[in-house]
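The values are calculated or read from the model by the stated rules, or taken from the named source; none is laboratory data. Note that the structure is a prediction, hence the values are computed from the model and not measured. Cβ coordinates were reconstructed from backbone atoms using ideal geometry, including for glycine residues, and neighbour counts include every protein chain displayed.
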Amino acid sequence: MKHFVVPMCILLGCAFFAAEAQAQRTVTMRLNMASVPDTVNGMGLIEVRGAGGSEGATAPDTLVDGNIIGWDAASTLELVNEKGPDGQDSDYWNVSFMISDMTRLQHKFYSQQLEDAGLNGWEGDPNPFIEAGEGDVDLGLHFFQGQAMWHGMSGRRGSEDENLGYNWMPWDAKTDSVAVWYRVAMFGLNSSDNKYDPAMSAPDQIVGVRGGDIKLADDETVAGPLGWGATLMLDRESMDETNAGYNIYSGVAYYPAALAGMDQEYKFVVEHGEMTGWEEGNLTGNRKFTVPSADTTLHWVYFGDTVPSPNLPVEGQVVFGVDLSAFETIGLFDQARGDTLWVFGDFNGWQDCRTQTPDDCYMFKEPGGTIFQAPVALERPVGIKQGYKYFLDFNDATFMEAFGTEPPSGWEEGHRTGVNREFEFMGGQQRLELAYFNDVTPKNILPAGTSVEIMLSVDMKEALDYEAQPFVPATDTVSIHLGDPIWAYTQGIEAVDEGGHSLPLWDHVMLMDSDGDGVYTGSVMIKGPSYNILTYRYMFGTRSMSVQEVGTETREPGRNRAHFIPANADGSWPAKYELPMHSFKLTPGPLPHELNPALLVTSIEQSTELPEEIWLGTNYPNPFNPTTVIEFGLTRQANAQLHVYDLLGRRVATLIDGQLQAANYSVTFDASQLASGVYIYRLQTPDYSVTKRMMLVK
């Protein structure tokens, strides 16, 4: 019996001490994923990974509750997304598990969704530890510290070589207010419809949030941080163009604590100078949330709730066509001298194309004519918009021999006030509308021996209050800065800056205020052979320090002022022509400009003389709101496009683009997303085009 009893006691004792060693405690973790430059959703796999014991341990451990923790997919500690109202995803994730009092646990969060997106799915080093001990452990809220750089409003960022501590926050904690983190992804169609340009940054382009001004009913002095007339600017979350965060914007607004429980209505906006684009798309009404009593983040949304569709690249060929008859007539372009024409754009690397892939940008002249063409094979997602410009490459040696001076820069700077051209890639065979270089048609030519004095006048009162450099009438000169170096060359203005653009006309144009009323007047003489398009900005200051008017960027018309000198009714040219009086404009946005009457006349002529091969009917109803029907027909099979343009020449809709059989057709145009006004619709085949007008009245 003794031999039997002793082992039993030993076993009982062992059982007693084992139970004591396996005392359990609960670990609670709460994670916020708004701190990564990617669109993490509530269905993504996020885990706690790690190991027990000393630093550097790698073997998976089985915890007392049966869960496994390891440094790979063996881990079973998956976090669960905290769903918001109506079951939508949130930025918050939770997990609870049990460990023994004796366990020293090193851990780190891992996101499979970040890994799948091409980012490192692991948090940055070092690994936090939960030390052995007694009692439950609540680690509180933790913001994921991704290894991709992340930019926040407060200037904080996480990287693989900068650890911010387990309890860091992307904003400043304040005792008297509540932080609310706004976040928007600018990937969808509604963002591009509102002129969002990924290549632009603040201050030229601002992505932000506006909202209602909320106040307590009994205290009108307590107000929220938003307003419908002012923008809270958001920051890009990554400066890496290949990272999703490059098109994700976020920022913090601080709400007085007394506003907790009140509703905040808001919308995201895109700003280009004076233009504000409001999110619409699939969004009905305003967004809204209830101001919380504690700091929080709002889960990211697509601008206008328009989810980007998966759009795989397709093959196609885009045919560019340019008429150079005007420049040949005035003698500036001559293929016999070795001058060449190129098309440079987003699709071919701009000017680098000339040396790297010249077949993608060189334009061939059609035999016996003045039209140059370039068929360019492309592989792009359908619907992507591509900016481009035409470029005259003058042969320096023969140009010097003919004119005795260096040639000007050959970039198109007169086209629609100097902005880029743009086309929307549709795949297949796509022939763009025939263009005139710089929009100069034969009707715009100012012949040799002709001169016109252009009278200028500008009100300078706004410039007096310009904080950065106020206009000082006693010392500052008022002049103009030309935007088209080719036109400048025709006027004998040879000076150009390093970028090939014409310099200010200090020595050519000086405007004076003779009566002290703040309106400065002067003139500039233009002489033929040239063209009747004046592209310019007003400016003031001195040669060493000057201020120019602020126009738009490279896509929206209004980068420069543009005016067209009209001929007399008999075809002759006036000795003088007075431009409208303008006000000096310092706020960013479109500068006043005119459309080329020669191009508009061409459209009207086409709409009254319909070729037999195609026909285009008058839309009905007209005026309309918001839909109208357009009928057209083809008498033979052809590649046809039916586009809608606004009066600035911007394409606002593509109704037909593809190969059609000979037949009559009917298409409905929905203009619910457009503003009231006159629009132009054009039917075009490779050989013919016809244009008509319609009016939207809302």
Can you pull out the residues in the stretch 112-131 that are out of contact with any Lys or Arg (no Cβ under 6 Å at 6 or more places or on another chain) and crowded, with 17+ Cβ neighbours inside 10 Å? Gln113, Leu114, Ala117, Leu119, Gly121, Trp122, Gly124, Ile130
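Quick one: which strands (runs of 3 or more DSSP E) lie wholly within the stretch 250-366 and hold at least 3 residues that are assigned by TED's automatic domain parsing to the domain that holds Arg236 and modelled with pLDDT of 90 or more?
263-272, 287-290
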Residues located in the stretch 347-404, provided they are at positive phi and more than 27 Å from the chain's Cα centre (by Cα): Gly368, Gly404
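Quick check on the stretch 528-570: of everything there that is over 15 Å from Phe471 (Cβ atoms) and of a type in the set (Asp, Glu), which residue is surrounded by the fewest Cβ atoms within 10 Å (Cβ to Cβ)? Full working, then the answer.
Residues of the stretch 528-570 that are over 15 Å from Phe471 (Cβ atoms), as a first pass: 528-536, 543-544, 551-570.
With of a type in the set (Asp, Glu) added as a condition, the list becomes 553, 556, 570.
Values: Glu553: 18, Glu556: 21, Asp570: 5.
In this case the residue turns out to be Asp570.
Among the residues in the stretch 495-510, are any crowded, with 19+ Cβ neighbours inside 10 Å and at pLDDT 85 or above?
Here is the first cut: in the stretch 495-510, the ones crowded, with 19+ Cβ neighbours inside 10 Å are 502, 504-505, 509.
In the following step, the residues that additionally are at pLDDT 85 or above were identified as none.
Checking the stretch 495-510: not a single residue is crowded, with 19+ Cβ neighbours inside 10 Å and at pLDDT 85 or above.
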Restricting to the stretch 442-475, name every residue that is in contact (Cβ under 8 Å) with a residue 40 or more places away in the chain, part of a loop (DSSP other than H, G, I, E, B) and surrounded by fewer than 19 Cβ atoms within 10 Å (Cβ to Cβ). Pro447, Ala448, Gly449, Thr450, Tyr466, Ala468, Gln469, Pro473, Thr475
How many residues of the stretch 182-209 are outside any loop (DSSP other than H, G, I, E, B), farther than 15 Å from His272 by Cβ and at pLDDT 80 or above? The answer is 5
Candidate set from the stretch 36-78 (those that are surrounded by 20 or more Cβ atoms within 10 Å (Cβ to Cβ) and assigned to a strand (DSSP E or B)); member that is modelled with the lowest pLDDT: Gly52
Using beta carbons and a limit of 6 Å, which pairs, at least six apart or on different chains, have the first residue in the stretch 280-309 and over 19 Å from Trp171 (Cβ atoms) and the second one of a type in the set (Asp, Glu) and in a helix (DSSP H, G or I)? Gly281/Asp305; Asn282/Asp305; Leu283/Asp305
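Does the stretch 99-111 contain at least one residue that is among the aromatic types (Phe, Trp, Tyr), surrounded by 12 or more Cβ atoms within 10 Å (Cβ to Cβ) and touching a residue at least 60 places away in the same chain (Cβ under 8 Å)?
To start, the set of residues in the stretch 99-111 that are among the aromatic types (Phe, Trp, Tyr) comprises 109-110.
Subset that is surrounded by 12 or more Cβ atoms within 10 Å (Cβ to Cβ): 109-110.
Those left that are additionally touching a residue at least 60 places away in the same chain (Cβ under 8 Å): 109-110.
Taking every residue of the stretch 99-111 in turn, at least one turns out to be among the aromatic types (Phe, Trp, Tyr), surrounded by 12 or more Cβ atoms within 10 Å (Cβ to Cβ) and touching a residue at least 60 places away in the same chain (Cβ under 8 Å).
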Can you pull out every residue in the stretch 204-253 that is over 14 Å from the mean Cα position of the chain (by Cα) and among the hydroxyl-bearing types (Ser, Thr, Tyr)? Thr221, Thr231, Ser238, Thr242, Ser250
Subset of the stretch 146-181 that is over 30 Å from Leu586 (Cα atoms), of a type in the set (A, V, I, L, M) and modelled with pLDDT under 70 - its residue that is surrounded by the most Cβ atoms within 10 Å (Cβ to Cβ): Ala148
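Just the residues that are charged (D, E, K, R) and either loosely packed, with under 13 Cβ neighbours inside 10 Å or part of a strand (DSSP E or B) (or both), please, taken from the stretch 625-649. Before the answer, list the steps.
Taking the stretch 625-649 as the starting set, the residues that turn out to be charged (D, E, K, R) are 631, 636, 646.
Result: Glu631, Arg636.
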So, of the residues in the stretch 515-548 that are among the aliphatic types (A, V, I, L, M) and part of a strand (DSSP E or B), which turns out to be nearest to Ser325 (Cα to Cα)? Ile533
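When the stretch 674-687 is examined, which residues are found to be surrounded by fewer than 17 Cβ atoms within 10 Å (Cβ to Cβ), closer than 26 Å to Val319 by Cα and touching a strand residue (DSSP E or B) at 6+ places or on another chain (Cβ under 6 Å)? So that I can check it myself, show each step before the final result.
First pass over the stretch 674-687, keeping only residues surrounded by fewer than 17 Cβ atoms within 10 Å (Cβ to Cβ): 674-678, 686-687.
Then keep just the ones that are closer than 26 Å to Val319 by Cα; that gives 686-687.
The one that is surrounded by fewer than 17 Cβ atoms within 10 Å (Cβ to Cβ), closer than 26 Å to Val319 by Cα and touching a strand residue (DSSP E or B) at 6+ places or on another chain (Cβ under 6 Å): Pro686.
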Spot the failing condition for Thr26; the list is (1) part of a strand (DSSP E or B); (2) touching a helix residue (DSSP H, G or I) at 6+ places or on another chain (Cβ under 9 Å), and only one is missed. (2)
